[in-house]
Amino acid sequence: MPSIKADKWIRRMALEHGMISPFEDRQVREGVVSYGLSSYGYDIRVADEFKVFTNINSTVIDPKNFDSRSFVDVQTDVCIVPPNSFALARTVEYFRIPRDVLTVCLGKSTYARCGIIVNVTPFEPEWEGNVTLEISNTTPLPAKIYANEGIAQVLFFQSDEECEVSYKDKKGKYQAQTGLTLPRL
């Protein structure tokens with residue numbers, strides 16, 4: 001991080017450089033799972049479209065040949081993830097990561113304390129798009145996920161120099177993804 005405070009750096013990068021859009025300039029907490037700007041990161045929101053995995057078609061999960069019959073599409077304000085199951089979702093926010101920044105994203109403690117694990121891979125330098133979220137319900141009970149509320153926190157790490165080869169330079173397969181993006185080979 002630069003010598004300015006992390007929250008000021010994130011605010012400046014979001015407002016002046018479009019790093020996060022839409023951008024919530026403060027932590028929204030009243031009656032919701034919190035989201036928006038925090039002290040050292042940004043709490044992202046889950047959108048209202050989900051792909052909930054199901055076994056009704058007896059398909060096999062194969063990252064090299066992904067079968068869309070593996071899930072049911074759901075658009076809702078509250079998604080119910082079945083016991084010991086999994087769903088894909090996406091962020092409300094669209095990100096444009098600078099060439100000298102890498103992010104790490106961790107699930108929010110409110111969900112973690114309910115047995116909900118949120119996995120997101122790092123946002124590499126110059127990656128951009130809506131973030132695809134992997135949501136696991138590790139409990140033997142159904143779990144609620146609230147759309148348009150916080151789901152995870154993004155932490156930003158700025159290098160003192162730009163990377164030699166960025167995600168954009170590599171023509172990464174998930175570059176500029178919009179909506180909920182399934183596995184690609």
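From the list 46, 28, pick out the single residue that is surrounded by 19 or more Cβ atoms within 10 Å (Cβ to Cβ) and either of a type in the set (A, V, I, L, M) or closer than 22 Å to residue 104 by Cβ (or both).
The match here is 46.
So which of 132, 138 ends up being more than 24 Å from residue 28 (Cα to Cα), hydroxyl-bearing (Ser, Thr, Tyr) and at pLDDT 95 or above?
The match here is 138.
In the stretch 157-184, the residue that is nearest to residue 94 (Cα to Cα) out of those that are surrounded by fewer than 12 Cβ atoms within 10 Å (Cβ to Cβ) and more than 14 Å from the chain's Cα centre (by Cα) is 173.
On inspection, residue 93 qualifies as acidic (Asp, Glu), within 13 Å of the chain's Cα centre (by Cα) and either at pLDDT 95 or above or surrounded by fewer than 20 Cβ atoms within 10 Å (Cβ to Cβ) (or both).
Restricting the stretch 1-35 to residues that are under 18 Å from the mean Cα position of the chain (by Cα) and aromatic (Phe, Trp, Tyr), the residue that is farthest from residue 96 (Cα to Cα) is 35.
Just wondering, is there one or more residues in the stretch 60-67 that are over 17 Å from residue 116 (Cα atoms) and either surrounded by 13 or more Cβ atoms within 10 Å (Cβ to Cβ) or of a type in the set (Gly, Ala, Ser) (or both)?
yes
The values are calculated or read from the model by the stated rules, or taken from the named source; none is laboratory data. Please read all numbers here as calculations on a predicted model, not as lab measurements. Heads up, the Cβs are rebuilt from the backbone with ideal geometry, glycines too, and the neighbour counts pull from every protein chain shown.
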